[in-house]
Amino acid sequence: MSAVPQQGPGSAARLWRSTDARRLFSCVVGALVVAVITGPSGSSSSPTSGFTGSLFRPRALVFVALGVALWAVMTSRRRFGDLIRRANDRVVAAPRQLLANRWYRYVVYLAAFAFAIWYPTILSGYWQEVLVDQIGVFVLLALGLNVVVGYAGLLDLGYIAFYAIGAYSAAYWTGALPIHPPMHLNPFWAIPFAVLAAMLAGVVLGAPTLRLRGDYLAIVTLGFGEIIQIVATNLTGVTGGAQGVIGIPHFSLHAGSLKYVWHVKALPYYYLLLVFVVIALAAFRSLERSRVGRCWAAIREDEVAAEASGINVLKYKVMAFSIGASTSGFAGILTASKIGFIEPGDFTVQLSILILVLVVFGGMGSLLGAVLGAAVLQWLPQLLRVHPLFGFQPPDLFIYLGALLVVMMIFRPAGIVPSRRRRSEIGLAEHGVGTADAMSAAGGPVA
Amino acid sequence: MCFTQNFWNLFISGIANGLVYALIALGYTLVYGVLQLINFAHSEVFMSGGFGGYFILNAVIGSSQPSGLASVGFVVLGILGGAVAGGVVAFLLERVAYRPLRRRNAPRLAFLISAIGASYFMYNLAGKEFGRDAVSIPSPFTNGTVFTVFGAQVQTYYIVIAVATLVMLVLLDRVVAGTRLGKGIRAVAQDSQTASLMGVNIDRVISQTFVLGGLLGGAAGFLFGLNAGVVYTMGFTPSLKAFTAAVLGGIGNIRGAVLGGLVLGVAENLGVACTQSSWRDVIAFGILVLVLLIRPTGILGERLGRSA
Amino acid sequence: MHNKWFRFLLMLGTPFLAIALVLPATSTGASAASKPTYTIAYEGPLSGGNAQLGLNMEYAVELAINQANAGKSFGTLPFQLKFVPEDDQGLASVSPTAAQALITNPSVVAVVGPAFSGATKAAEPAFNAAGLATVSPSATAPALATQGWNNFFRVVADDNAQGPADALYVKKVLKAKKVYTLDDASAYASGLVSAFDAKAQSLGMKVKHQTVQGTTQCQEGTGDVSEYPPLASEIKSSGDPVTFYAGYYCDFALLAKALRTQGYKGKLVSDDGSLDNHFIAEAGARVANSTLISCACADETKSASATSFAKQFKTLAHFSIGTYSAEAYDATNTVISVMKSIGANVSRTAVVSGLRTVDYKGLTKTVKFQSNGDISGTAVYIYQVKSGKITVLGLVSKLAK
């Protein structure tokens, strides 16, 4: 509630301390920060030119005006919030009733699936490539990390390691690595091996470390992600070293009279990806509703109570790690086989963080959220590369993503398409009931 | 043994590295003591200290070659520049990325994610504004060998680090033991609820703790940058190792952070001598994992409060 | 709870969906003009830690195209040239997408690049399937020439040429019996140093090797500068008279400083990644003097055409030429000369076949390709830093008799 300014001394101070004034200040400062981010860059010889170029120009006023406008919207939301909500209810009432019916929901799923099959065929070769390399693979990765971060509430910052393991498995089983497998496999038949290798790695990494306090786990997984890249670079005799591995064959399917070879074009890989994504979606959804999912929810909501009710917390945490790793194992072998070449530089910690951003943005614990978050956040930078807007420069991408993470955590921690359950958990945690993650053995707020 | 041939050289440079780790680790340990939270974005506090020291010395020294008493003055100036930059960034960090979450009693995961976001935001912004190539800080002293001990060269640079760190540690000790802020920090670290009941302004103590850690981390950034140059990505690896040092010594324990830093610095060097330079980070990380699995409370034990 | 889901979905989804559906209609067709317009593209790192290397080449390509359009280098051409840069960040994970952007652009007839070996390995299958010629100014991995890609060309000698030549020089001219070799864990350096080590050992030298990760400050690598002092003291105590570093100038400068501070008196040798004036600036003239640097490239600061190139490059780019600038310039001009000999009807296939038989005298060398796309002739030169400047000593084949 805003303080009503009164006459007399101290009223100015009171005005300053009122929430509205504070909010105005934050909005304007925020707008100026955005002005700097979207403005010109500086350089080492002229470090202030970026700032002067963004702030000491007329465009800064535009941003200030936008900041004030945002403040006005936020302040008036109280008054108009009810109106908006009522209008919204009227608009969504009919579709909501429709979707409540199971059969109509299946029709919607089918329509979405049909659209997903048809739409890429009308795209240009470039966008098809983006759809597979940038969007599809990351949707898979986000779905996997969603299991770890969203379902089990664990922070894994080295998730890219499982992707690397999937890719190097592909190289191994097709004979492209310096060390040779017991038998050479067609990469298509190597898929289950790659997925298994990733899952095994999840168990191996998880078993010793998932006992640790949440923040320690985050650091250890971060270190692990770092180490995977260093190991891949150093063990030249095993992984091909910094030069990478070239000559990984494409998928090909020979089963009886059925013969199909994937080549360089992106579209066939897209359909393979689509199949796997649908399988993953179905599997994770049923997992969420099964006993395993309920155990995860229990661990998330109050780990101590869960342990006390007899749940083997460590076992379920390791399971989450392992299942989450499975999709990235597939993503790894798909990329390795499609591009035909992998190198340690493909597997950076920065990518792990990127996947985290995708999951957090979309909605932790929400399947649709993970898919949408990954699709939107991976598609936008490509769009902005082709049609540059608002001063967005591609090297600055992580400035936006970093700011997005902070903003999401402050305003909408459950993500843009939140899972209902997660959202209520976070709400409860904020009121002191339970934790909303598996980060600490003893629950309770932070200071 | 594999490292005995070069032992003293490795030891001396390990101590120098370790002191820098210790300064950074103190930032982690102080914040962890009061908030039970890893300040992921401390790496950017370190980085901004590097830039702060760079800008000040670049403006003041330019291309001249100072020596003698002027050198001391410039070193102090550089440290102050780094420390102030670090302190300011730490303060802003607490205000923007942590306080709103504390107000809402956000779950722990939210704090960590916000910190990661803040870290990525800051260092990429620094890269955009200050350029992505590395810059070297104009040297405030002429680096040479001051003396040799057991055949190992002790450079001016090592002396500077040692003296500066020692002074800062003594100051820190005074602050934590003597001043009101120090009492507040210890109180909040021990039991924040009771502390607030006793009249300690939690918000202010937390903010000041961040700033204190930021001053040290920023100074460390300057000292590190003197040798290594300053670049926007400089924060990540040294801070990860400093965190290892903090855990190694006992999180929340100030003396532990220093001990952990020294042990890690030397162990890294010795380990590299036995294997190869390319395994350096793996060794540091391996030490972290071993500590966490075998003795998670660290060498000197943890000093954490219970917040509930 | 459900209505909020809908509200957000509706708010977010509709405009996106609208834009997304409109998107496939990205037209890139050439506009009707009196002369046909063809595009020469450049693919390389234009952002990220390796951006400077990429920019060195990008401006050279642009300069060559500008000069050709103005009629200065090839006289009047029967077509107009356009320049399109494409950023692949030097990453193998991004380059296939960057490649597709160029492939689906019907006006692109040739690509100068990709700059990095890893990016080339990832993108080349797509370029090959599309029959689009790629002339790389800097991708030196030997594996690139053995994949059977008939559209792949490069104007630089591969790592297998430079490494052995350096070893020969160290043995014959520096008369060293022991050598300490280092690499920065990059694909380029590790290939080069293994070729060096193999040749050095076959010449009877004792080789000690270590990989020292490129530092974060120099190339967004994972190492940091504190790794150099212990390494330097180890090299000093090994007593090897020659240290060979495979990598780039920034890390080499840090290493050189650490070695000289420790009192190492031996000779420092590096590869063409260090052939950059920034090395002298960062290491300081005192440390840099007497360092030897090899390169499969001729000294391009002497001839009149080279000085004029350097001057015009600086005018366009606002910074001086760097590693591979001249090679990129030559690569572009080679393509333009092929296009000129084809005439007004340039097609991708015609460019590929034209390049197979081209013989063009460029700044750094005469550009002629072997059947596998490698450059013909692999003359390696040795340079030395003298009085703060890089000066050429001569050809290895002549010096190491």
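Bear in mind that the values in this text are calculations on the coordinates, not laboratory data. What you see is a predicted model, and the numbers here were worked out from it, not measured in a lab. FYI the Cβ positions are ideal-geometry reconstructions off the backbone, even for glycines, and counts take in every protein chain you see.
Summary of values
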{"quantity": "For chain A, calculated [θ]222 nm from helices alone, where every DSSP H run of n ≥ 4 adds -39500 (n - 2.57)", "calculated": "-22000 deg cm²/dmol"}
{"quantity": "Debye log10 I(q)/I(0) for region A:146-244, one point scatterer per Cα, at q = 0.10, 0.14, 0.23, 0.25 Å⁻¹", "calculated": "-0.31, -0.58, -1.18, -1.28"}
{"quantity": "Square roots of five times the Cα gyration tensor eigenvalues for chain C, Å", "calculated": "39, 28, 19"}
{"quantity": "Inter-label distance, nm, simple model (7 Å from Cα along the C-beta direction), C:His209/A:Ser424", "calculated": "6.2"}
{"quantity": "Helix runs (DSSP H) in chain A reaching 18 Å along axis by Cα, Kyte-Doolittle at least 1.0", "calculated": "A:19-37, A:160-173, A:187-209, A:214-234, A:267-289, A:349-362, A:367-386, A:397-411"}
{"quantity": "The protein assembly as shown - Rg (one decimal) and Dmax (whole number), Cα, Å", "calculated": "30.0, 96"}
{"quantity": "Whichever aspartates and glutamates have a C-alpha closer than 19 Å to that of C:Lys340, once near sequence neighbours (fewer than 8 apart) are set aside", "calculated": "C:Glu62, C:Asp330, C:Asp359"}
{"quantity": "For A:Phe162, C:Phe74, C:Phe313, C:Phe196, order by how many other beta-carbon atoms lie within 10 Å, fewest first", "calculated": "C:Phe74, C:Phe313, C:Phe196, A:Phe162"}
{"quantity": "Gaussian network model of chain A, springs between alpha carbon atoms under 10 Å - residue of A:Leu273, A:Leu83, A:Leu358 with greatest fluctuation", "calculated": "A:Leu83"}
{"quantity": "5 angstrom amide H check on C:Phe369, placed H, neighbours 5+ away", "calculated": "C:Val358, C:Ser376"}
{"quantity": "12 Å beta-carbon shell around C:His278, net charge (K/R +1, D/E -1)", "calculated": "-4"}
{"quantity": "Chain C - mean residue ellipticity at 222 nm from DSSP helices (-39,500 (n - 2.57) per run, n ≥ 4, rounded to 500)", "calculated": "-13500 deg cm²/dmol"}
{"quantity": "Burial ordering of C:His318, C:His278, fewest other beta-carbon atoms within 10 Å first", "calculated": "C:His318, C:His278"}
{"quantity": "Contact order normalised by residue count of region A:102-430, Cα under 8 Å, 6+ apart, percent", "calculated": "30"}
{"quantity": "Other-chain or far-sequence residues with amide H under 5 Å of A:Leu253's (modelled H)", "calculated": "A:Tyr260, A:Val261, A:Trp262"}
{"quantity": "With 20 Å bins from 0: P(r) over chain B, alpha-carbon pairs, percent", "calculated": "34, 58, 8"}
{"quantity": "Helix-only [θ]222 nm of chain B, DSSP H runs n ≥ 4, -39500 (n - 2.57) each, per residue, nearest 500", "calculated": "-24000 deg cm²/dmol"}
{"quantity": "Packing-based exposure ordering (other Cβ within 10 Å, fewest first) of C:Ser397, C:Ser305", "calculated": "C:Ser305, C:Ser397"}
{"quantity": "Candidates B:Asn105, B:Asn269, B:Asn124, ranked by Gaussian network fluctuation over chain B, Cα under 10 Å, top entry", "calculated": "B:Asn105"}
{"quantity": "Neighbourhood charge, 14 Å Cβ-Cβ cut-off, centred on B:Arg108 and excluding it, Lys, Arg +1 and Asp, Glu -1", "calculated": "-3"}
{"quantity": "Net charge, A:Leu205 excluded, C-beta distance under 14 Å - Lys, Arg +1, Asp, Glu -1", "calculated": "0"}
{"quantity": "Long-range Cα-Cα pairs in region C:299-401 (distance over 21 Å), rounded percent", "calculated": "47"}
{"quantity": "Amide proton proximity set for C:Gln80, modelled H, under 5 Å, gap of 5+", "calculated": "C:Thr37, C:Tyr38"}
{"quantity": "Relative contact order of chain C, defined on C-alpha pairs under 8 angstrom at six or more residues apart (%)", "calculated": "17"}
{"quantity": "Long pairs among A:Lys265/C:Lys314; C:Lys265/C:Lys401; C:Lys172/C:Lys257; B:Lys128/C:Lys72; C:Lys178/C:Lys401, criterion Cα-Cα beyond 31 Å", "calculated": "A:Lys265/C:Lys314; B:Lys128/C:Lys72"}
{"quantity": "For chain B: relative contact order, % (alpha-carbon pairs under 8 angstrom, 6 or more apart)", "calculated": "37"}
{"quantity": "Distance between modelled label sites at B:Ala162 and A:Leu368, nm, 7 Å Cα→Cβ extension", "calculated": "6.6"}
{"quantity": "Reduced Cα scattering model of region A:102-430, Debye log10 I(q)/I(0), q = 0.08, 0.09 Å⁻¹", "calculated": "-0.37, -0.47"}
{"quantity": "Where only alpha carbons of region C:149-265 are counted, the Rg and the Dmax (Å)", "calculated": "14.8, 51"}
{"quantity": "C:Gln384 paired with A:Arg77, simple spin-label distance in nm, labels 7 Å along Cα-to-beta-carbon", "calculated": "7.1"}
{"quantity": "DSSP H segments from chain C that extend 24 Å or more along their own axis, Cα-based, with Kyte-Doolittle mean of 1.0 or above", "calculated": "C:2-22"}
